[in-house]
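The values are calculated or read from the model by the stated rules, or taken from the named source; none is laboratory data. Everything numeric here is computed off the predicted structure, so don't read it as measured data. Here the Cβ positions follow ideal geometry from the backbone for every residue, glycine too, while neighbour counts run over all protein chains shown. Note: areas computed on protein heavy atoms with side chains; ligands, DNA, RNA excluded. Shrake-Rupley method; radii C 1.70, N 1.55, O 1.52, S 1.80 Å.
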Amino acid sequence: CSNFQKLLKSNDVTKKYQAALEYYEKEEYYRASQLLDQVTPLLAGTGESEKALFYQAQSHFKQSNYILSDAYFRNFYTTYPRSPLAEEAMYMQAQSLYQQSPSYQEDQTPTITAIMAFEEFVTRYPDSENVPEANSRIEQLYLKLDRKEFNQARLYYQLRYWHSAVVAFNNFQREHASSPYSEEAAFLKLESQYRYAMESVASKQEERFDEAIDYFQSFVDQYPDSRFKRNAEQFYEQARSELERIRKNTNNQANL
Amino acid sequence: SQVLNNPVQTSPIDYAEPKQYRIGGVEITGAKFLEPVALISVIGLKEGDEITVPGEDISRAIQKLWQQGILGDVEVFARTEGDLIYLTFDLKERPRLSEYRFSGINKTQSEALRDKVPLQRGKIVTDAVLNSTRNAIRNYYLEKSFLNAKINITQRPDPTLPNSVILNIHVDKGNKVKIEKIEFVGNEAFADKRLRRQLKKTKEKKWYKIFTSSKYNRTEYENDKQLLLDFYSTEGYRDATIVSDSVYRISDDRLGIRITVDEGQQYYYRNITWNGNYIYDDAYLSRVLGIAKGDIYNKQELDKRLNYNPAGIDVSALYQNDGYLFFNIDPVEVRVEGDSIDLEMRVTEGPQATINKITITGNDKTSDHVILREIRTLPGQKYSRDDLIRTRNELAALGYFDPETIGLNPVPNPVEGTVDINYSVVERPNDQISLSGGWGGPIGAVGTVGLTLNNFSTRKMFNLSEWRPVPTGDGQRLSLNVQANGKYYQSYSLSFTEPWLGGRKANSLTVSLFKTIRRFPGGEGAESRLNVDGAAVSLGRRLNWPDNFFYMNHSLSFNRYDVSNYNIGGLTNGLSNSISLTNTLGRSSIDNPTFPRRGSSFTLSVNMTPPYSLISENMDPLEYIEFHKWMFDASYFINLAGNLVLNTRAHFGFLGTYSQDNTLGPFERFKLGGAGLGGGNIFVGTEYIGLRGYEDERVVNSTDQSLLNAGGIAYNKFVFEARQLISPNPAATIYGLAFLEAGNNFGSYAEYNPFKLYRSAGVGARIFMSAFGLLGFDYAWRLDDLPPGVAGDASKRGMFHFIIGQQIR
């Protein structure tokens, strides 16, 4: 039986706590967290409790147990809001949430929780040295949300559901106006609208090509030097010649 | 805990007039085991802080101390000096819980109780905590029908920790209490027996009811009383009430239940009028509603016909499938005369709603695009309830999510006339791992290792952080299988499927490879060998015509048989090649892959080799195998009632050659009989088809022994199967079944007779576990004599079958 196993089974709270701190210093976080999990409830109300709770949270964080470290850091700063470690704990809680944020293709509920946690941290400790890092994390997470929405809209484009793509890109532009994907979204919206008009029944084409031309105009207004400009102009030209053809037909019919 | 005025204080705090103070000091008294300094940091008040007294600051401080759960009582005293305030927190400590144990019950139950009791180590033990512990345990046993459970909690100090106690919780479960009888008073329209049947979870104990639980569970009993009233209401007794009911003891472990009902009178429909409908006229709506004057008044049925009828058409469907999301219908009883009710249907049609945004939540494994591409409600389209339900069925069919918890949540925006739709899913594991060892007939012991990953991602394969434990989420399927018994039999197979090749359309690509080695022991140099290697590529497409339930599949396969010293249809040494193209046309509208309730599926497939014999007469038919094979399968599900489903199936298969004089080789033949698993004799290019009640592979309508071994060239089979869902739990879906089936397999077309069938009947059960697939057993009774040429005991008619995996035929 190893020393660690003996410690785990012992009833001596102080000895376990001391050993946990030693393991923590030696970066043996698994053992430290095992011991701390056992002793923290029994240490409540003693002088060691504050430090023990913080180290417990830290040791779980270091082992990538982010769900646990999230809960423990939160518990720490709500219990000891005046502690000098509270700021760090709140920051680390947000970091724990950040680590739980999945890839952009999965459900983003954890991402939104993490953004809220960082924002709360920045509001509460505006002078903290961690604020720049927190702000960059917030930006990173928002970018992830942008990317997710953009990809969902682009999927309709890839599946050639042109009308759905236009609706989805419109939503994207409204809700993620300042994202780096906006330019591409505006271009793909134009293309989708053009193709949608092409596939439409004759009676609806005029209206839909007109809309494509509107989309082109707002695209060049907003992105005058876009890398998609040349392609966009092509769709614009084609839409215009289609419109010309349609109008000529209707005039001819009117003259008959 | 309260804030008290210091009795000796000269300037008492005025509760009517809150005042600002600066803290002059915080002090803790009464702490014997706890450390004052630590508690002050918990309190969160410091010398110099500005606080309002009376105010929230002190209450919050007290609350924080309480939340630690380590104190018996807290009192706060305040002393003021000008604008300075000195706070004293006087504590009463209580022993804290260091450990608790259960006695009198087994380990499983004490583990289960540990999650239910509110006890926490390190917290103080109060009477309230002890009481709720007792209640939690009592409720746990009440649910299990131990109504006489006794709980005794004893405390003793912990010798190793100061100020701590150990709890011992002794539970005496007592007898399990069962329901002896259920009586009804006041019922005239229906017999006791009929009413008793309506109580779904409250049943009498009877010796012959082996599978029925006669436990008494209060919440279930309350539900059952409601079910009883629902039953009355479906029969037109809408005034029926339960006047009184009593649950009484008959003996120590037996209960009696007496329910007194007042049935009231039976009501009928009289006139039904419509109001507010502009799009459809009254006559049409009445026809869809399908309720005639004089019918028994049935509120549930009416709701179903108006709002949602899973088994047919309803009035809402007319509107809601055409975008009228805001459609509402309110049936109002405008007149009740005697036993007749006049209804007025007040219809609000509202505007048509367009779908705006589609969101998905709950996918913590599967990528958005894998789900989104299956969704049929598209932005910009009109809202349609049918599309919503179809989407749910299709998401269920993916197999990645728990089919019972797929959530459809339309969020209408009446101002814009749009609707956002949120789909919520719960991921479930659906990778299958199989490890088995068994006695494989003539080969001896066979070990199998199989791994099927149903939601694989090759894209994430090179990103190590996505391995948990394998890269998942892109809906690809990877399957590996190794079977071996050492030297004499080895089989390796690998297959990979990408369901959306190119990402634009649901065109699936499957690539598979296999290799089989068989050796037969013989003398020196006389060892015989049969090796089969093969590869196949197939492309599947979904069709939009004739409707979008259709699909098509094209597959090109190559098999090579390498034979030495082993006779297969005239070839003893050398190579034999089979190149064939299979085209399949199918349609499937089945609602749930594990337990289908409604829908149908059919497939027609044609598998053909190039017609060598028509091109050249010099081709060796053994070197290049030639055949054409036609298979047809149809399956139809009808929901008979609740969880009872009838499945009707028909299967046909025919095998032929191109030229008249060319005889069919041993390949690709049909083997009918048994569970259809292919037994121990795994021969590639043979169709194994089950026919329960008969030995594996032994149904061939021929007396020719070699044909009996090779298999038939035409078969047909018909099945009627009633299935009853027993447990819908997605981790282990269980259903029972009873079947009647008939089939035959013919060695030549001269003998073919579709009316000559071997019949059987039987019962069985299936369990679907997401990690293992489908497992089951059937007991089948043979209704006809044994096929000619089959050895066996003609008088032995019953037999068991074990079924592994989903059977198509």
Computed on Cα atoms, Rg of the protein assembly as shown relative to 2.2 N^0.38 Å comes out at 1.21
With x for Gly and Pro, the residue-by-residue ³J(HN,Hα) of region A:191-199, computed from phi through the Karplus equation 6.51 cos²θ - 1.76 cosθ + 1.60 at θ = phi - 60° and given in whole Hz, is 4, 4, 5, 4, 5, 4, 5, 4, 8
Per-residue average of other protein chain Cβ atoms inside 10 Å, peptide B:92-100 -> 1
Ordering B:785-795, B:80-90 by per-residue average of other C-beta atoms within 10 angstrom, highest first, gives B:80-90, B:785-795
Carbon/sulfur accessible area of region B:173-229, % of total, 1.4 Å probe, equals 50
Among residues of region B:120-137, a drop of 40 Å² or more in 1.4 Å probe accessible area, assembly relative to the chain on its own, occurs for B:121
For chain B, shape from the Cα gyration tensor axes a ≥ b ≥ c, cut at a/c of 1.5 then a/b versus b/c, turns out prolate
Summing +1 per Lys or Arg and -1 per Asp or Glu among the other residues with Cβ less than 10 Å from residue A:198's Cβ gives 0
Expected vector for region B:297-305, Karplus 3J(HN,Hα) from phi with 6.51, -1.76, 1.60 and θ = phi - 60°, integer Hz, x for Gly and Pro, equals 6, 9, 4, 4, 5, 4, 4, 5, 5
The answer for chymotrypsin sites (Phe, Trp or Tyr not before Pro) in region B:176-253 that fall in a DSSP coil and have at most 11 neighbouring Cβ atoms within 10 Å is B:207, B:208, B:211
Partner shielding of B:359-367, taken as the mean number of other chain Cβ atoms within 10 Å, equals 4
Along the dipole axis of the protein assembly as shown (charges at Cβ: +1 for Lys and Arg, -1 for Asp and Glu; origin at the Cα centre), the most positive-end residue among B:484, B:306, A:75 is B:484
Output row A,B: buried area (accessible, probe 1.4 Å, summed both chains) in Å², nearest hundred, equals 3300
Sorted by chain and number, the residues with a modelled amide H under 5 Å from that of residue B:528, at a separation of 5 or more or across chains, are B:520, B:522
Ordered by number, the chymotrypsin sites (Phe, Trp or Tyr not before Pro) in region B:13-80 that occupy a DSSP loop and have at most 10 other Cβ atoms within 10 Å are B:15
In deg cm²/dmol, rounded to the nearest 500, the helical mean residue ellipticity at 222 nm of chain B, built from -39500 (n - 2.57) for every DSSP H run of length 4 or more, is -4500 deg cm²/dmol
With every protein chain in place, the residues of region B:492-522 shedding 50 Å² or more of accessible area versus the chain by itself (probe 1.4 Å) are B:504
Expressed in angstrom, Rg and Dmax over the Cα atoms of chain A are 29.2, 104
Calc'd 3J(HN,Hα), region B:66-73, phi into Karplus 6.51 cos²θ - 1.76 cosθ + 1.60 (θ = phi - 60°), Hz, glycine/Pro = x, comes to 4, 4, 5, x, 10, 10, x, 7
Rounded to whole Å², per residue accessible area for region B:250-365 with a 1.4 Å probe reads 47
So for region B:102-148, using the alpha carbon gyration tensor with a ≥ b ≥ c as root eigenvalues (a/c under 1.5 gives rounded; past that, a/b versus b/c decides prolate or oblate), I'd call it oblate
Share of accessible surface on carbon and sulfur in region B:7-157, whole %, 1.4 Å probe and ligands ignored, is 48
Treating only Lys and Arg (+1) and Asp and Glu (-1) as charged, each at its beta carbon, one finds that region A:1-53 has a dipole about its Cα centre, in Debye to the nearest 20, of 240
In region B:376-401, accessible area falls by at least 20 Å² from chain alone to full assembly (1.4 Å probe) for B:378, B:379, B:380
Under 5 Å from the placed amide H of residue B:758, counting only residues 5+ away or on other chains, we find B:743, B:744
DSSP beta bridges in region B:1-144: the antiparallel percent, rounded to 5, is 60
Summing -39500 (n - 2.57) over every DSSP H run of at least 4 in chain A, dividing by its residue total and rounding to the nearest 500, the 222 nm mean residue ellipticity is -26500 deg cm²/dmol
Averaged per residue, the 1.4 Å probe accessible area of region A:47-156, protein heavy atoms only, in Å², is roughly 43
Taking protein heavy atoms only, a 1.4 Å probe, and rounding to whole percent, the accessible area of region A:103-256 owed to carbon and sulfur comes out at 46
With the charge dipole of the protein assembly as shown built from beta-carbon charges (+1 for Lys and Arg, -1 for Asp and Glu) about the Cα centre, the Cα from B:595, B:296, B:503 projecting farthest to the positive end belongs to B:595
Computed about the Cα centre, the charge dipole of chain B from +1 Lys/Arg and -1 Asp/Glu charges at the Cβ has a magnitude in debye, to the nearest 20, of 2020
Of the candidates B:703, B:395, B:122, the farthest towards the positive dipole end of chain B (Lys/Arg Cβ +1, Asp/Glu Cβ -1, centred on the Cα centre) is B:703
Once amide hydrogens are built 1.01 Å from N within the peptide plane, the residues lying 5 or more places from residue B:238 or on another chain with amide H under 5 Å from its amide H are B:267
The correct ranking of B:199, B:513 by accessible area at 1.4 Å, largest first, is B:513, B:199
Inter-part gap, Cα centre of region B:627-658 to Cα centre of region B:309-361, in whole angstrom, is 38
Using a 1.4 Å probe on heavy atoms of the protein chains only, the accessible area for residue A:79 in Å², nearest 10, reads 20
Quick calc, the protein assembly as shown, dipole around Cα centre from Cβ unit charges on Lys, Arg (+) and Asp, Glu (-), nearest 20 debye, gives 3320
Quarter of the surface of the C-alpha convex hull for region B:57-188, i.e. direction-averaged projected area in nm², equals 14.5
Using alpha-carbon positions, the gyration tensor of region B:139-235 gives root eigenvalues a ≥ b ≥ c; with a/c under 1.5 called rounded, otherwise prolate if a/b exceeds b/c, else oblate, the class is prolate
Of the listed links B:107/B:173; B:181/B:215; A:51/B:123; B:201/B:299; A:6/A:26, those spanning more than 22 angstrom between alpha carbons are B:201/B:299
Probe 1.4 Å, heavy atoms of protein chains only: per residue, the accessible area of region B:80-210 in Å² is 55
Here the whole-number average of other chain Cβ atoms within 10 Å per Cβ of B:44-51 is 1
